[in-house]
Amino acid sequence: MPELKIEITGVEPLAHSLTPLLQFKLRITAGSAEAVAGLLLNAQIQLQCPQRSYTAEEKARLIELFGPPERWGQTLRNRLWALANTNLGPFTGSVEASLTVPCTYDLNLAAAKYLYALEGGEVSLLFLFTGSVFYLTADGRLQVERISWDSEAVFVLPLVAWRTALEAHYPNSAWLTLRREVFDRLCEYKRRQTIVTWEETINRLLEQAELAPAVPAVLQPTPPIAEEVPA
């Protein structure tokens, strides 16, 4: 079986796509004289969250994912970002390929929530590869072997690439998902107030909340101190 070496050489937003996509550039090298007849390549892509530093603002935004920063030694772990695959035809030596990864602004998903919380910079990605390689032996017989999960590559993703892909499809926008009953209440409020847009609806509610007097916390009565009864 050919020993495959897989490298990630670059990334760019995919232009003119129907949904936000990032296209990763791959270089695949077969380390033996056996000709590769075909390759079915699957990738599990993980966000290597412990591999970067975080500002105070980023830490505050990430509490929902990892808890308070003082616990990050136990909670800050790699997170699954995406699954992707690509198919290649026959080649010898090395070949260039592309791996297309969908992006989402759905902040109910942990990966999107994590990337959205970052102010800028880069994110380390771990690619874990598996799949099937078809190859020809010296006597011309076609063979197929599974690619082991220990085939991996690391790539540093500029966060601007992810944001560019999303901004092309959702300019100056973000997603907000609500339960049906909450949306119905919001829709009814918008109708009663004859508000035209959802942005104005949310802004009006926020302004009302900011103008409302703060509700003082309810103090709980201090329990009486139990007296010791002499023996």
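The values are calculated or read from the model by the stated rules, or taken from the named source; none is laboratory data. It should be emphasised that the depicted structure is a prediction, and the values quoted were computed from it without experimental measurement. Cβ sites come from the backbone with ideal geometry, for glycine too, and all protein chains shown count toward neighbours. With ligands, DNA and RNA removed, areas are computed over all heavy atoms of the protein, side chains included. Shrake-Rupley method; radii C 1.70, N 1.55, O 1.52, S 1.80 Å.
Structural remarks
- Full extension of the chain between THR137 and LYS5 yields a length gain of 45.6 nm, computed as 0.36 nm times the residue separation minus the alpha carbon distance.
- Given their separation in residues at 0.36 nm each and the Cα-Cα distance between them, GLN193 and ALA97 gain 29.1 nm when the chain is fully extended.
- FRET efficiency, 1/(1 + (r/R0)^6) with R0 41 Å, evaluated for GLN44 and GLN74 via beta carbons: 0.95
- Relative contact order for the chain: 23 percent, from Cα pairs under 8 Å spaced at least 6 residues apart, divided by residue count.
- Of the accessible area of the chain, computed with a 1.4 Å probe over protein heavy atoms only, carbon and sulfur atoms account for 55 percent.
- Over the chain: helical MRE at 222 nm, DSSP H runs n ≥ 4 each giving -39500 (n - 2.57), nearest 500: -7000 deg cm²/dmol
- Between LYS59 and GLU145, residue separation times 0.36 nm minus the direct Cα-Cα distance comes to 26.5 nm.
- Counting only protein heavy atoms and a 1.4 Å probe, the chain has 64 square angstrom of accessible area per residue.
- Two-site label geometry, TYR170 and ASP106: point separation in nm, points 7 Å out along Cα→Cβ: 1.1 nm
- Top of CYS187, CYS103, CYS49 by mean-square fluctuation, Gaussian network on the chain, Cα under 10 Å: CYS187
- Packing order of peptides 58-71, 153-166, highest average first: 153-166, 58-71 (average count of other Cβ atoms within 10 Å over each peptide's residues).
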